[in-house]
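The values are calculated or read from the model by the stated rules, or taken from the named source; none is laboratory data. Predicted, not measured: the structure shown is a model, and the values here were computed from it. When we count neighbours, we look across all protein chains shown, and the Cβ atoms used for this are built from the backbone with ideal geometry, even at glycine.
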Amino acid sequence: MTIEEVAQEERAPVDRAGTEGGDARGRWAQEVMALARRWWIELLRERLNLVFSILQPAIWLVFFGAGVERAIDAEVIGTDDYIGFMLAGVVTFTIVGNGISGAMPLLWDKETGYLDRLMSMPIARSSVIVSRFVFQVAQQTVQILLVVVVAFALGVRIATGPLGLAVILLTAALLTMSVTAAFSALAYAVPQHGTFFAVAGFVTLPLLFMSSAFVPLEAMPLWMEVVARVNPLTYAIEAMRTLVLDGWEARVATSLALLTLAGAACLALGTWQFRKQTGDRTQE
Amino acid sequence: MSAVIETLGLRKVFGDHVAIESLDLNIERGDVFGLLGPNGAGKTTTIRMLTTLLAPSGGAARVCGFDVATQPSEVRRRIGYVMQTVAYRGLLTGRECVEIEAALYHLPRRDIPLRAEVVLEAVGMLPHADRRWTTYSGGMKKRLDLACGLLHWPEVLVLDEPSLGLDVQSRHNVWGYIRDRHVGGATVLLATNYLDEADRLCNKVAIIDRGSVVVQGSPSELKRAVGAEVVQVSTGEPERLRRAIEAERWVKKIIAGEHGDLHVYVEDASIALPAVMRLGLEHGINLKRMTYSQPSLDDVFLLHTGRELREVGAAS
Ligand SMILES: Nc1ncnc2c1ncn2[C@@H]1O[C@H](COP(=O)(O)OP(=O)(O)OP(=O)(O)O)[C@@H](O)[C@H]1O
Ligand SMILES: [Mg+2]
């Protein structure tokens, strides 16, 4: 079949896609899945990247568990299950790390010009960021499940059981929404990737240390506790830690609600930056 | 009325640098319209405004009746844009690239595999479809970009230097393809540095230089306006030769080109050639070389700007 014959056969696909029945949500889903497919193929073809990123959190947990546990005062962290205590911290660490590495393809697209090609297509401006989010959530779910298996082998039992694990994954996904959107916004805002890494490196460690990832809020100096309490990472950590160590408690729901708010805010910020910073492209 | 692309006083300023002064274009359905000009003339800038990637600083542009500034998604849905530089496509295969973009154009899922094959075939990339993009040669990457631009049978095909970096064979294939699309009813806007490309493909061209249209019309019209034929004389003393021949009846116009060349526009080269030779001898001017040609678009550019397109292009 030649190109013209096909063209004849499928009359005016433009009109069909464009005006017929406002199935905007279906089109948006198609965009997000197509872009996510692209991210997946690339990840699967980078074997080393795949192996390291999947294994890394589990290795961290073993490292913390074996190495640091002895130096920790059970009184300070409020439990003698240090690995269980660290589980939430390691998951959060992983999410932040994924946020940085996850923004790299966006930086690439911007610097190599593929972003222009994407922007010349009739896609929603949020699709690119959301596709990254979908991709990251899928990737980190695998990472978290692996870390939980390792923790199980080291003797950690999640207090809330399998359902608790599902809520942990949900919490992780909510935090990922904030982190992905924030780093995507940064990727689009910077003039060059060098700036991105400088800024990302500068904020990451303070963000992690000013949360309850390694030290419980109660054990912090006051000023640090104040900072930690407005840090969205803390909500994710508190929720996950409670689910692992203590069981179902009301503060889990509060944390999830606050995380949702933070996620929505970051996504709005990310999309706004995306529109503003991708050249002076025409706005939607 | 049947204008597919219409611009009125379109303008783009980068900081204090005026890239596009004020552009009026009128491209009709079925046109193959060439934007011709040296490096930095503003071709890409114009195209990026028309493809909604750059917001105009002034004026207005409509594509298929939709304003690029206020109805960008309508415009995007109707254009196929092939960029000047090839897009980086990482670790994907050619087929995957095409299929993913087909989905981004919202083609129905079941049509995508066939459509991907058809466009890959059209640019001769089907045999290489399942190789990774990173293993492609420069020309193959360009052809893949072209395939992607065709995916949704755009009403308007916008090509920025479509044959940049292609070998002769592929250039001819791409030209053949552009002509087919034209026959198929698409409107084509193409930017190019290659005069022969514009000459062969376009039924209309606009020559732009330093952000303004110098002249526009059909290639044959423009060339007719130059004069019937061009005699190009190379000599060490172009000024003396000019004075020797400028009074002659058969001389329509003389323009000095680079390297001491004179471009003499004449009615009939077969009469002018011996006459130039005779006058040169009479005045004792040493003529190094003499050629004559039908006027080309290069001559059109020279006539309107006083500079040679090739020279300007090579210089910057
Ligand atoms: N983002 C930008 N910021 C500042 N100046 C720019 C920008 N983009 C283009 N220009 C300037 O605008 C002018 C026109 O550039 P443009 O890319 O449109 O040229 P062109 O005709 O496509 O040239 P070429 O044949 O080299 O592709 C140039 O002087 C260029 O330096
Ligand atoms: Mg250009």
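Checking the structure you have, find out if any residue of region B:115-127 is among the β-branched types (Val, Ile, Thr) and farther than 28 Å from A:ASP23 by Cα.
If we filter region B:115-127 for residues that are among the β-branched types (Val, Ile, Thr), which is where we start, we get B:118-119, B:123.
Add one more test, that the residue is farther than 28 Å from A:ASP23 by Cα, and what stays is B:123.
The answer is yes, given that some residue of region B:115-127 is among the β-branched types (Val, Ile, Thr) and farther than 28 Å from A:ASP23 by Cα.
Being among the charged types (D, E, K, R), away from ligand 2 (no atom under 16 Å from the Cβ) and within 11 Å of another protein chain (Cβ to nearest Cβ) is the filter here; which residues of region B:34-67 pass it?
Residue satisfying the conditions is B:ASP67 alone.
Is it the case that B:ILE20 is within 13 Å of ligand 2 (Cβ to nearest atom), more than 10 Å from chain A (Cβ to nearest Cβ) and either within 28 Å of B:TYR194 (Cβ to Cβ) or of a type in the set (A, V, I, L, M, F, W, C) (or both)?
Taking the combined requirement at face value, the residue satisfies it.
Kindly establish whether A:LEU118 is within 21 Å of the chain's Cα centre (by Cα) and surrounded by fewer than 22 Cβ atoms within 10 Å (Cβ to Cβ).
no
Give the residue that is surrounded by the fewest Cβ atoms within 10 Å (Cβ to Cβ), with candidates limited to residues of region B:83-123 that are more than 17 Å from B:VAL174 (Cα to Cα) and touching a strand residue (DSSP E or B) at 6+ places or on another chain (Cβ under 8 Å).
Selected residue: B:LEU91.
When you scan region B:224-234, do you find a residue that is modelled with pLDDT of 85 or more, farther than 30 Å from B:GLY59 by Cβ and of a type in the set (Gly, Ala, Ser), even just one?
Of all residues in region B:224-234, those modelled with pLDDT of 85 or more come to B:231-234.
Narrowing the set further to residues that are farther than 30 Å from B:GLY59 by Cβ leaves B:231-234.
Now restrict to residues that are of a type in the set (Gly, Ala, Ser): B:234.
Yes, there is a match, as at least one residue in region B:224-234 is modelled with pLDDT of 85 or more, farther than 30 Å from B:GLY59 by Cβ and of a type in the set (Gly, Ala, Ser).
Of the conditions (1) in a helix (DSSP H, G or I); (2) surrounded by 15 or more Cβ atoms within 10 Å (Cβ to Cβ), A:SER212 clears all except one; give me its number.
(1)
What number of residues in region B:150-162 are under 16 Å from B:ILE47 (Cα atoms) and part of a loop (DSSP other than H, G, I, E, B)?
Qualifying residue count for the region: 4.
Let's see how each residue does on (1) touching a Gly at 6+ places or on another chain (Cβ under 9 Å); (2) in a strand (DSSP E or B):
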position	(1), (2)
B:VAL214	yes, yes
B:LEU222	no, no
B:VAL231	no, yes
B:ARG242	no, no
B:LYS253	yes, yes
B:TYR265	yes, yes
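Any residue at all in region B:124-143 that is crowded, with 21+ Cβ neighbours inside 10 Å, within 16 Å of ligand 2 (Cβ to nearest atom) and over 28 Å from B:SER2 (Cα atoms)?
yes
Tell me which of these B:ILE245 doesn't satisfy, since it passes every other one: (1) within 29 Å of B:GLU221 (Cα to Cα); (2) out of contact with any Leu (no Cβ under 6 Å at 6 or more places or on another chain).
(2)
What number of residues within region B:178-201 satisfy the criterion of being closer than 20 Å to B:THR45 by Cα and either within 14 Å of chain A (Cβ to nearest Cβ) or away from ligand 2 (no atom under 16 Å from the Cβ) (or both)?
3
Report, ordered by the first and then the second residue, all pairs with beta carbons closer than 6 Å, sequence separation of six or more or different chains, a first member in region B:153-164 that is in contact (Cβ under 8 Å) with a residue 24 or more places away in the chain, and a second member that is within 12 Å of ligand 1 (Cβ to nearest atom) and part of a loop (DSSP other than H, G, I, E, B).
B:ASP160/B:MET83; B:ASP160/B:GLN84; B:GLU161/B:GLN84
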